[in-house]
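What follows is a single structure, written as structure tokens, with notes after it.
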Amino acid sequence: MSIKQVMVIGAGQMGAGIAQVCAQYGFAVKLNDIAEEALDKGKAGIEKRLARSVEKGRLAEEEKQKALDNLSFTTDITEASSCDLVIEAIVENMDVKTNLFKKLDEVAPEHAILASNTSSLPITEIAAVTNRPSQVIGMHFMNPVPVMKLVEIIRGLQTSDETYQSIKDMTEKICKTPVEVNDFPGFVSNRVLMPMINEAIYTVYEGVATPEDVDTVMKLGMNHPMGPLTLADFIGLDTCLYIMEVLHEGFGDSKYRPCPLLRKYVKAGWLGKKSGRGFYTYEN
Ligand code: NAI
């Protein structure tokens, strides 16, 4: 199936980045949000990032203009009726997402693929609320979308080979590298990353080393660009805890038990960079 017209739903951090990248690579993109202000903010962010790329010589002025011409903004979800692909990037909440997918199933054309950028919710369960589970798939972009090369493509239990192939081709067209993943808690990215972060927190909790020293070990010893505790602060400690809980519950295995220190910090409101304090302190 050839994808030409795309709708991205949710104009937040992720959705605006996804819309920008799709538009840059020639897709006609409608960016949708329930909130006008979110659309304005998303649009301003896209314009700013494209202008910066032109300034830095990474993008020609005409390419920037072409990308902007490919974009339109709407609060009307029924405009999905003209789209071949819908990529959902709204809040990480199963009820909110399944309500949206039920609505999309009604308004999107029969041939359209419905994708979710969820970082932790099961694609199989989202697909099950639609009448087209074979055309529902996960497209897990990384943050910040215009910079990060990876897209985890998550196949739900009923996702068809045709759907997978169309999304793999589309991912390559927007110059990202697709990786095929089956639908299990945390997919690959968070299943590997989060237990490492959780274990780093345990080493601090058990007094093995300070946060600075844990990060130094992983940066200088393992060549990680950023230590796990710095990364946890950037991701948000509440998000880290939430994903550990998804792994713990999903697999029922005590190896995914969230560290009590992580719980304590989240309860204290120490959420990392966004709240000014996590394993480190920040001036926001
Ligand atoms: P965000 O909070 O920045 O943006 C969400 C947007 O969705 C908001 O503008 C909100 O107004 C809008 N929205 C909420 N309900 C809606 C609805 N029913 N219809 C239309 N718009 C609606 O969230 P963010 O960080 O962009 O995350 C979005 C999704 O991407 C989540 O599922 C998250 O788990 C996933 N994700 C986030 C990553 C991150 O680093 N922030 C990384 C990878 C995936």
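The values are calculated or read from the model by the stated rules, or taken from the named source; none is laboratory data. In this text, all values refer to a predicted model and were calculated from it rather than measured experimentally. We place every Cβ from the backbone using ideal geometry, glycine too, and count neighbours over all the protein chains shown. In case anyone asks, the SASA skips ligands and DNA or RNA and just uses the protein heavy atoms, side chains included. Shrake-Rupley method; radii C 1.70, N 1.55, O 1.52, S 1.80 Å.
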- [ ] Filter the range 107-120 for residues that are within 10 Å of Ala80 (Cα to Cα) and surrounded by fewer than 22 Cβ atoms within 10 Å (Cβ to Cβ) and give the result.
- [x] Val107, Pro109
- [ ] Say whether the condition of being at pLDDT 95 or above, open to solvent by 10 Å² or more (accessible area, probe 1.4 Å), under 30 Å from Leu231 (Cβ atoms) and near the ligand (Cβ under 10 Å from one of its atoms) is met by at least one residue in the range 141-158.
- [x] yes
Open item on the list: Only one of Val145, Val136, Val151, Val129 is farther than 24 Å from Gln13 by Cα and of a type in the set (A, V, I, L, M). Can you tell me which?
Closed with: Val129
- [ ] Please enumerate the residues belonging to the range 19-37 that are surrounded by fewer than 19 Cβ atoms within 10 Å (Cβ to Cβ) and within 20 Å of the chain's Cα centre (by Cα).
- [x] Tyr25, Ile34, Ala35
Task: Tally of residues being modelled with pLDDT of 95 or more and within 8 Å of the ligand (Cβ to nearest atom) across the range 89-114 - done: 6
Task: Where a residue in the range 106-128 is hydrophobic (A, V, I, L, M, F, W, C) and its partner, wherever it lies, is in a helix (DSSP H, G or I) and open to solvent by 10 Å² or more (accessible area, probe 1.4 Å), with Cβ under 6 Å and at least six apart - done: Val107/Thr78; Val107/Ser81; Ile113/Gln135; Leu121/Met94; Ala127/Pro133
Open item on the list: Need pairs with beta-carbon distance below 6 Å; first residue under 16 Å from Ile3 (Cβ atoms) and within the range 152-180, second modelled with pLDDT under 95 and aliphatic (A, V, I, L, M); sequence gap 6+ or separate chains.
Closed with: Ser166/Met1
TODO: Could you tell me which numbered condition Ser53 fails, if it satisfies all but one of (1) small (Gly, Ala, Ser); (2) within 16 Å of the ligand (Cβ to nearest atom); (3) not in a loop (DSSP other than H, G, I, E, B)?
DONE: (2)
TODO: Scan the range 218-225 and give yes if some residue there is closer than 27 Å to Phe251 by Cβ and touching a strand residue (DSSP E or B) at 6+ places or on another chain (Cβ under 8 Å), otherwise no.
DONE: no
Task: Residues of the range 95-134 that turn out to be within 15 Å of the chain's Cα centre (by Cα) and under 23 Å from Glu249 (Cα atoms), as a count - done: 9
Open item on the list: Cβ-Cβ under 7 Å, sequence separation 6+ or interchain: first residue in the range 194-218 and farther than 25 Å from Ser120 by Cα, partner among the small types (Gly, Ala, Ser) and open to solvent by 40 Å² or more (accessible area, probe 1.4 Å). Which pairs?
Closed with: none
TODO: Among what's in the range 1-18 and is within 10 Å of the ligand (Cβ to nearest atom) and open to solvent by 10 Å² or more (accessible area, probe 1.4 Å), pick the residue that is farthest from Glu172 (Cα to Cα).
DONE: Gly12
- [ ] Name the helices (runs of 4 or more DSSP H) wholly inside the range 185-257 in which the number of residues that are over 16 Å from the mean Cα position of the chain (by Cα), closer than 26 Å to Leu157 by Cα and among the β-branched types (Val, Ile, Thr) is 3 or more.
- [x] none
Task: Hits in the range 78-102 (condition: open to solvent by 30 Å² or more (accessible area, probe 1.4 Å) and either free of Cβ contacts under 8 Å to residues at least 12 places away in the same chain or closer than 21 Å to Ile3 by Cα (or both)) - done: Thr78, Glu79, Ser81, Ser82, Asn93, Asp95, Val96, Asn99
